[in-house]
Structure formats: C-alpha cells, structure tokens
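Working notes, structure below.
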Amino acid sequence: MPVMYSFMFWFSVRLGSIIVAIITLCQVSAGLITCAVWVNDLSGVSRQLDEWLNNNNLYYMQPVLINMEMNPKSFLDGLITFLVIQGITCLLLVYGAYKINLYLVYPYILVDLVRLLFVSINFVIAMTLVKENVFDLGVLIGGSVIGGFIILFLFYLWFCVVSFCQIVKEVEKIKEVPTLSNDGDFYQKQEGAVGINNGYNLPLGKPYF
C-alpha cells in the first residue's frame, strides 16, 4: 500500500517526485559549491578541524576528525563523488517520473536513502557532542527540534518518490487483472485505460499522474 497518494496535499506524487528531484538538485549544488570552496582552502579546513579537536571533547569522533585533519582532500574528493552521483540520480528521477520508468527512479531511492541514513546518524552524533560540550539546554533543545524537523522533511520527500513507485506497481497489477464484462466474458484492461485522465481513479480518488 502506498505511503501517500498526494504530495503536499495538492500535487500528484508523479509531479511531487519531479519537485523532489529539483529540491535535491539544489541541495547537491549547494554541497558542491561548499566543497569547491573547501578544496581551495585545505589549510583552512585543517586549521578548523584542529581547533575543534583542541577546544572540544569529541570522544569517539576524535580519531575520525584527526584523519580528516591529516588528509582533508581525500574526504572532500569522496564527498564530491557522492554528490555528483546523487545529482545524476536526480536527473534520472526527473526523466523516469516523466516517462513513468521505475528503473530510472530506483537509483535515486537507493542513493538518497544512504544520504538520509548518513545525515541521521551524524545528527545524533552531533547532538551528543553538543550535549557534552555546550552547557546550554536551550541550544540543545533548539538544535534537536530544528534538526529533527529537517530530517523528517527530507524523509517525507524520499517517501514521495517511494509512493510514486508503489502506485505505479499497483496500477500495473490492476491492469493485469481480468475484468468481467456485462456479457459475462473476461477481458483485459486496455493499455491506455489507466490514469486519472482516462477515467480511472485509485483508492481515495487522489490524482497521482
């Protein structure tokens, strides 16, 4: 069963998937610009990491940050590579949603799920470190609430694309089910007989195409 039948209570999940791809492309572009700035100032990145290591109790993150401080370029190269791959999956998602080709949508679902898990884990780690180093309950609560809402929104965008795939599969199954006609004979639904514009609605009557 699809998680949702509409995006933002107004758009179809097909159009919503295209909007999600555009939003993610904007995030990827911002990330690439930031990485480009950092690549041109590797010494500054190392100094900032060294300052964090000296001024904060980073516990289990200390070995990771030390490695990043020693070789920030490798870390940035890996991040840029991932962002480029994600940008490509966004373009595939736009075309796949437009052509209703799920094979072009699946790469985005997989890559973005990896990103969401990475962001969620790092958010939990960041809040743990804030709790240990910033003795201000307001900062901890504010950061947790704002960060939590951002992550929930990102998961909402991801579930829109997942729902698009679920609905397309549901429609394909319905198209394969023989239907009893008025004269008692079974017939298959025609290829073009599925879709909100052709007089066929899914449960709840939500427009999905």
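Coordinate-derived values only; no laboratory data. Remember, it's a predicted structure, so these values are computed and weren't measured experimentally. For neighbour counting, all protein chains shown are included, and Cβ atoms are generated from backbone atoms with ideal geometry for every residue, glycine included.
Looking at (1) more than 19 Å from the chain's Cα centre (by Cα); (2) farther than 20 Å from Val20 by Cβ, which one does Lys99 not meet, given that it meets all the others?
The single condition Lys99 does not satisfy is (2).
Within the stretch 71-80, take every residue that is free of Cβ contacts under 8 Å to residues at least 24 places away in the same chain and in a helix (DSSP H, G or I) and give me the one that is farthest from the chain's Cα centre (by Cα).
Ser74
Could you say whether any residue in the stretch 38-45 is closer than 26 Å to Val130 by Cα and surrounded by fewer than 12 Cβ atoms within 10 Å (Cβ to Cβ)?
yes
Failed condition for Phe7, given (1) out of contact with any Gly (no Cβ under 6 Å at 6 or more places or on another chain); (2) surrounded by 14 or more Cβ atoms within 10 Å (Cβ to Cβ), with all others met?
Only one criterion in (1) out of contact with any Gly (no Cβ under 6 Å at 6 or more places or on another chain); (2) surrounded by 14 or more Cβ atoms within 10 Å (Cβ to Cβ) is unmet by Phe7, namely (1).
Please state which one of Ile33, Ile18, Ile88 is surrounded by fewer than 16 Cβ atoms within 10 Å (Cβ to Cβ), within 16 Å of the chain's Cα centre (by Cα) and assigned to a helix (DSSP H, G or I).
Unique residue meeting the criteria: Ile88.
Is it fair to say Phe155 is out of contact with any strand residue (DSSP E or B) (no Cβ under 7 Å at 6 or more places or on another chain), over 23 Å from Leu91 (Cα atoms) and aromatic (Phe, Trp, Tyr)?
Against the criterion (out of contact with any strand residue (DSSP E or B) (no Cβ under 7 Å at 6 or more places or on another chain), over 23 Å from Leu91 (Cα atoms) and aromatic (Phe, Trp, Tyr)), Phe155 does not qualify.
How do the pairs read when you match residues in the stretch 126-145 that are under 13 Å from Tyr59 (Cα atoms) and in contact (Cβ under 8 Å) with a residue 24 or more places away in the chain with residues anywhere that are among the polar types (S, T, N, Q) and exposed (fewer than 14 other Cβ atoms within 10 Å of the Cβ), using Cβ under 7 Å and keeping only pairs 6 or more apart or on different chains?
From residues that are under 13 Å from Tyr59 (Cα atoms) and in contact (Cβ under 8 Å) with a residue 24 or more places away in the chain, the pairs are Glu132/Asn57; Asn133/Asn57.
Report yes if Asn101 is under 19 Å from Cys35 (Cα atoms) and surrounded by fewer than 19 Cβ atoms within 10 Å (Cβ to Cβ), otherwise no.
no
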